[in-house]
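Each remark here refers to the structure printed beneath this line.
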Amino acid sequence: MQSKPSRVELDQIAGHYSLDSAAVGTLLDLSAARPGPGASAQFLSWMLRIGGVLSLAAAVVFFVAANWSEIAVFGRFALLESILVACAAVAFLRPPPSTAGRAALFMAFIVTGALLALFGQTYQTGADVHELFVGWALLGLPLVCIAAWSVASAAWLLVLNTALMLFCGWHPTGGMLWVLLGARRFQPAEIVIGVAWLNLALWFAFETLRLAAVPEWVRRIAISCAFAFGTWAGITAIFESQARALVLPALAVAMIAVAFQTLRRRKDIYPLAVVMGSFIIISLVWFGKVSKFDGEGVFLLLALWLIGTSTVAGRVLTVTSRRWRQQGAA
Amino acid sequence: MIAPDTATLLEAMRSRGLIAADAPPPPIDAEHRPWFVSLMLGFAGWLAGIFLLVFIAALLDLHSRTAIFVAGVVLLGGAWALYHANRNAAFLGQLALALSIAGQIAIGWALLEDVGSGLAIAATLLAMQLAVLVVMPDKTARTIAALFAVIAWIYTVRFALRPDWEDLILFRGDIEAARFGIGSVAIGWLITWAPLIALSRWLTLREHVWMAHPLRVFARPALAGALLGLSIGGIATEPFTTLALGFDAMGVDMSWLALFPLLSIALAMWAAWCAFHVRNYGLSGFAAFASLLHLSRFYYLYGASLTWKSLIMLCLGAGLLGVGVLLQKRAASAGGAP
């Protein structure tokens, strides 16, 4: 039994049977490979509505960033808070899963961040930028949960990871979070791998709970963020021997755990691809460091290593993906 | 409509008389790869190609342009031979991709080392990428070549209309380009993108036509390359591409030129629309990501105050939302709503 045909397979069928254009049209229609007029209109409407909501959200952020001095402090806060109240009212009257309710809650989430930025801008709180984003992620979480919408979930993940990226990339010179996780107690790479595990924990939770608000593409963002931080930590650990004892085992466990979960689920091969990509990058950097780029032969070895590892990874992923598709169809 | 599996699909085609009842089944697909696997392989092959070229240049002590050119031709020939030798051997395919990339860089290096004209560089690279697209018998190699060809096309038009000085090609050239006025920028934008929009539209709507033709092996990568270029390439056709962070960007007059990032968003949304029609979710996601990237650039780029930008986004948001809701209602009244 074969699975739902891909574009490559449809090309092969068209070529193998020398189909004419009318027959190919029928082939595409039978395989539901091209949208009908209804689906096209629906997608266009969806795309415009998403674009509209994002544009309105951007308008609010731009306005706050403009720091318009002609409006008094009270007026600025009143303006943003009235938008927040309006969003809440719309969400109350048209609660999710209605599109209006979801969009209103998404707007409220964005306005929450703008409000925090305005607060910091107006009163010069001295807070670091990552603290603004952490506050935004925490305060916005209830709104995102109520919205139960994939776009809002993705936005929340991006805000959280922006906070974590700023936190990890910032010099440990103070700030609320660095007091708790100061560099005197932890190496920077150890904190980065901790952040990777935080994303992994979210990914495992999403995988287990299978929430409609966190579909596959949002879970892919979570696992991508996890291994972006994991790769960062792994590369840092290669150059900083003090961090190696904790970071490399933690990264190896993360890779094994994700591979195990992915192979157990047999649904989406993407997490395994991310693990393999991370391994290829880290091993390449390690190879370069060990060789110290001593002699031109190193470049040949690096090229062959890259070709070899990517070939094996590509082969494993392609074959496994095809097998799962076939089994899924059966 | 639920998509059937391949066997059911072939049976349906047979029952309609479109496939002969006794025709043998198509060969088992060994090449279908998810988009992220293709991305990983393409990037790895590209990087490996650079390593290979460094190795060969150092080993053979290549200094003269002729020697580098000959090495490039040999590398490209080797890649072509490897692709033909065994199309199903994954390692050979990946090695061929690396050789191909190394060969292209070597030839480009040999031909363009002393060339100071941006137009000559971009036009030469465009010709080379089109040649690779035609010659290399591999989908990944062709897709990469199509993307690079689109990028080269963008710069060919840009340098043809707004010649830059040699040292301004990549960085301050955009600020200098503002001297040429909105007419030049707008004409350049249209000349650059109108053919690519038309091409992507034709390839998307007439997919059933080119799929029935042997040229499909070029059309599929060309479509992918065009959509990738449409998603991200708008940056290179904007008058201001330097972020408003450096002192050299200060003092640029406010003008309608500031709206060009919004056109880049429109291009990316068009690419998402086309990708949806060929069910390519990887390309759709990339186009959505590119739209957000253009939006964040609009925030930082000079050309208008943030208050104006806020007002523009407010009007744009209201307009998009209004049209979107209207379309939704129309689809619902036509019975096409979910």
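The values are calculated or read from the model by the stated rules, or taken from the named source; none is laboratory data. This one's a predicted model, so the numbers in the text were calculated from it and none came from an experiment. Using ideal geometry, Cβ is built from the backbone for each residue, glycine included, and neighbour counts are taken over all protein chains shown.
Going by the conditions given, is A:Val144 at pLDDT 90 or above, in a helix (DSSP H, G or I) and more than 25 Å from the chain's Cα centre (by Cα)? For A:Val144, the condition - at pLDDT 90 or above, in a helix (DSSP H, G or I) and more than 25 Å from the chain's Cα centre (by Cα) - is not met.
Does B:Ala85 fit the bill of being within 14 Å of chain A (Cβ to nearest Cβ), under 21 Å from B:Val217 (Cα atoms) and small (Gly, Ala, Ser)?
Numbers: within 14 Å of chain A (Cβ to nearest Cβ): no; under 21 Å from B:Val217 (Cα atoms): yes; small (Gly, Ala, Ser): yes.
When the stated conditions are applied, B:Ala85 does not pass them.
On the basis of being within 11 Å of chain B (Cβ to nearest Cβ), among the hydroxyl-bearing types (Ser, Thr, Tyr) and more than 17 Å from A:Phe204 (Cβ to Cβ), does A:Thr236 make the cut? The answer is no for A:Thr236.
Residue count for the stretch B:30-79, restricted to those that are in a helix (DSSP H, G or I) and among the charged types (D, E, K, R): 1.
Please specify each residue of the stretch B:12-29 satisfying the condition of being over 34 Å from the mean Cα position of the chain (by Cα), at the interface with chain A (Cβ under 9 Å from one of its Cβ atoms) and in a loop (DSSP other than H, G, I, E, B). Give the derivation first.
So the first thing to find is which residues in the stretch B:12-29 are over 34 Å from the mean Cα position of the chain (by Cα), and the list is B:12-25.
Right, trim to at the interface with chain A (Cβ under 9 Å from one of its Cβ atoms) and you get B:12-13, B:16, B:18-20, B:23-25.
Passing the criteria: B:Arg16, B:Leu18, B:Ile19, B:Ala20, B:Ala23, B:Pro24, B:Pro25.
On inspection, B:Ala98 qualifies as within 14 Å of another protein chain (Cβ to nearest Cβ), small (Gly, Ala, Ser), touching a residue at least 24 places away in the same chain (Cβ under 8 Å) and within 29 Å of A:Gly288 (Cβ to Cβ). Among the helices (runs of 4 or more DSSP H) confined to the stretch A:1-85, the ones with at least 1 residues that are within 7 Å of chain B (Cβ to nearest Cβ) and over 30 Å from B:Gly17 (Cα atoms) are located at A:37-65. The stretch A:234-330 holds helices (runs of 4 or more DSSP H) entirely within its bounds, and those carrying 2 or more residues that are buried (at least 20 other Cβ atoms within 10 Å of the Cβ) and of a type in the set (Ser, Thr, Tyr) map to A:270-291, A:297-329. Quick check: is even one residue across the stretch B:80-91 in a loop (DSSP other than H, G, I, E, B), of a type in the set (A, V, I, L, M, F, W, C) and in contact with a helix residue (DSSP H, G or I) (Cβ under 9 Å, 6 or more places away or on another chain)? The answer is yes; a qualifying residue exists. Inspection of the stretch B:113-124 identifies at least one residue that is in a helix (DSSP H, G or I), modelled with pLDDT of 90 or more and in contact with a Gly (Cβ under 9 Å, 6 or more places away or on another chain). With respect to (1) away from chain A (no Cβ under 11 Å); (2) touching a helix residue (DSSP H, G or I) at 6+ places or on another chain (Cβ under 8 Å); (3) modelled with pLDDT of 90 or more; (4) farther than 26 Å from B:Ala224 by Cα, the lone exception for B:Val70 is condition (2). Every test in (1) more than 10 Å from chain A (Cβ to nearest Cβ); (2) modelled with pLDDT under 85 is passed by B:Leu283 save one, and that test is (2).
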